[in-house]
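The values are calculated or read from the model by the stated rules, or taken from the named source; none is laboratory data. Bear in mind that the values here come from a model prediction, so they are computed numbers and not experimental data. Every residue, glycine as well, gets a Cβ built from its backbone with ideal geometry; the counts of neighbours run over all protein chains shown. To get the accessible areas, we keep the full protein, side chains included, count just its heavy atoms, and leave off ligands, DNA and RNA. Shrake-Rupley method; radii C 1.70, N 1.55, O 1.52, S 1.80 Å.
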Amino acid sequence: MTKMKRKGLLLLIISVMFLAQACYYDKEEELYPPSGSCDTTNVTYSGTVFPVISNSCTSCHTGIGAGGNISLDSYESISAAANNGSLLGVIRHESGWSPMPKNAGKLDDCTIRKLEIWINNGTPNN
Ligand code: HEC
């Protein structure tokens with residue numbers, strides 16, 4: 001093996017180790033939620049969903065030139081994204097979706113959980 005190849009292999013191994021650790025960390029968070037755990041009572045569109053979307057998403061997803069031509073600035077547009085699966089796909093960073101919020105950290109698990117609950121409840125406009 002040449003020196004270059006060995007270096008490449010070492011880099012690969014190191015990145016795989018990092019990735020594996022990142023996954024492990026995620027799972028640990030799920031198993032042992034941090035104290036002050038997630039309050040999912042009274043999840044509503046106006047009190048929960050809209051504030052999250054307008055803080056983290058609407059800056060890029062409104063008006064002409066919205067990211068991906070997707071507006072997330074009204075109940076209609078947000079519930080449409082929820083119902084076609086794209087909303088959860090992007091915030092959970094699922095493969096096949098562009099991870100959102102773009103170029104920023106993933107939403108915290110509790111926030112994602114609340115959006116899931118709203119969607120499971122049938123995206124009520126409440
Ligand atoms: C900094 C700007 C920016 C922010 C903030 C942002 N987006 Fe995006 N979004 C984009 C752009 C640009 C695209 C077009 C695809 C791409 O470039 O990744 C996009 C694409 C999407 C898509 C389509 C993805 C696909 O794979 O088809 C959805 C759904 C979406 N964004 C939802 C969201 C949600 C929900 C949030 C908030 C949690 C958010 N975005 C925050 C810029 C942004």
Practice item. Among residues belonging to the range 44-73 that are touching a residue at least 40 places away in the same chain (Cβ under 8 Å) and part of a helix (DSSP H, G or I), point out the one that is farthest from residue 98 (Cα to Cα). Key: 46
Review point. Failed condition for residue 34, given (1) assigned to a loop (DSSP other than H, G, I, E, B); (2) modelled with pLDDT of 95 or more, with all others met?
Key: (2)
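Here is a yes/no grid of residues against (1) farther than 19 Å from residue 112 by Cβ; (2) over 16 Å from the mean Cα position of the chain (by Cα):
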position: 37; (1), (2): no, yes
position: 45; (1), (2): no, yes
position: 48; (1), (2): no, no
position: 52; (1), (2): no, no
position: 57; (1), (2): no, no
position: 60; (1), (2): no, no
position: 65; (1), (2): yes, yes
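Table: residues versus (1) near the ligand (Cβ under 10 Å from one of its atoms); (2) open to solvent by 30 Å² or more (accessible area, probe 1.4 Å).
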site: 41; (1), (2): no, yes
site: 82; (1), (2): yes, no
site: 98; (1), (2): yes, yes
site: 106; (1), (2): yes, yes
site: 124; (1), (2): no, yes
Review point. Which of the residues that make up the range 56-79 are surrounded by 13 or more Cβ atoms within 10 Å (Cβ to Cβ) and of a type in the set (A, V, I, L, M, F, W, C)?
Key: 57, 60, 66, 70, 72, 78
Review point. For the range 74-91, what are the residues that are part of a loop (DSSP other than H, G, I, E, B) and within 22 Å of residue 47 (Cβ to Cβ)?
Key: 74
